[in-house]
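The values are calculated or read from the model by the stated rules, or taken from the named source; none is laboratory data. Quantities reported herein were computed from a predicted structural model and do not represent experimental measurements. Cβ sites come from the backbone with ideal geometry, for glycine too, and all protein chains shown count toward neighbours. The protein model used for the area step is the full one, side chains on, heavy atoms only, and it has no ligands, DNA or RNA in it. Shrake-Rupley method; radii C 1.70, N 1.55, O 1.52, S 1.80 Å.
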Amino acid sequence: MSAMQREVLQLGNPKLRQTACPVQNPTDLEIQALIDDLIGTMEASNGVGIAAPQVGIDLQVVIVASRPTLRYPHAPHMDPIAMINPHITPIGADRVKDWEGCLSVPGIRGLVPRASTISVEYQDRNGQAQTEIFQDFVARIIQHECDHLQGYVFIDRVESTRELITENEYHKLVLS
């Protein structure tokens, strides 16, 4: 069965503001198809992560796949990881502000404070319990995607509306 590209919900859609439910059986065929669809949708959208609520599915499934893209040219490369029922624990008090965008909030970037190092407990797509430590950009992606599971988008985390810019200005300021 091949992956299907799904529509990414946009800011204003009430499904983006719902709290996602835990996945009971990660190895269920429907969950496996959802994971494949999320990866395909994320890649087609030049994203580095995506959460099931972004395609209208209220389940605790996120994909993290840092790689250089047009949207994030300096991102490190990693293969896509499916995280099911993830739980984040910040390590240390270090918080770093950096620019974030979102497939569900097109055209806007914001400076978002996030923990720079995190531990994540999750089930992988085979249902195995995993605990991993992530830092910097990848830690940021995970926190961003896990926010979607609680009904938050990155603009909820910016400290001031003055720290929001358009995608065009972001490219001029940050990528030049």
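The table below gives the values:
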read-out	value
Filter result for the condition that a residue is open to solvent by less than 20 Å² (accessible area, probe 1.4 Å) and within 30 Å of Ala33 (Cα to Cα), over His87, His148	His148
Hits in region 62-85 - residues which are closer than 30 Å to Asp28 by Cα, touching a residue at least 40 places away in the same chain (Cβ under 8 Å) and not small (Gly, Ala, Ser)	Val62, Ile63, Val64, Met78, Pro80, Ile81, Met83, Ile84, Asn85
Close pairs (9 angstrom Cβ cut-off, 6 or more residues apart or separate chains): in contact (Cβ under 8 Å) with a residue 12 or more places away in the chain in region 149-167, β-branched (Val, Ile, Thr) and assigned to a loop (DSSP other than H, G, I, E, B) anywhere	Leu149/Thr19; Gln150/Thr19; Gly151/Thr19; Leu164/Val158
Residue, farthest from Gly49 (Cα to Cα), within region 96-112, restricted to residues that are open to solvent by 60 Å² or more (accessible area, probe 1.4 Å) and of a type in the set (D, E, K, R)	Lys97
Members of region 8-56 found to be under 23 Å from Pro106 (Cα atoms), open to solvent by 60 Å² or more (accessible area, probe 1.4 Å) and either modelled with pLDDT of 95 or more or of a type in the set (Phe, Trp, Tyr) (or both), listed by number	Gln10, Leu11, Gly12, Pro14, Lys15, Arg17, Gln18, Thr19
Residue within region 126-133 that is of a type outside the set (Asp, Glu), in contact (Cβ under 8 Å) with a residue 40 or more places away in the chain and closer than 21 Å to Glu167 by Cα present	no
Residue satisfying condition, being open to solvent by 40 Å² or more (accessible area, probe 1.4 Å) and of a type in the set (Gly, Ala, Ser), within set Ala65, Ala115, Ala93, Ala82	Ala93
Residue in region 15-25 that is of a type in the set (Lys, Arg), in contact with a Pro (Cβ under 7 Å, 6 or more places away or on another chain) and in contact (Cβ under 8 Å) with a residue 24 or more places away in the chain present	yes
Flag if Ile155 is among the β-branched types (Val, Ile, Thr), crowded, with 19+ Cβ neighbours inside 10 Å and at pLDDT 95 or above	no
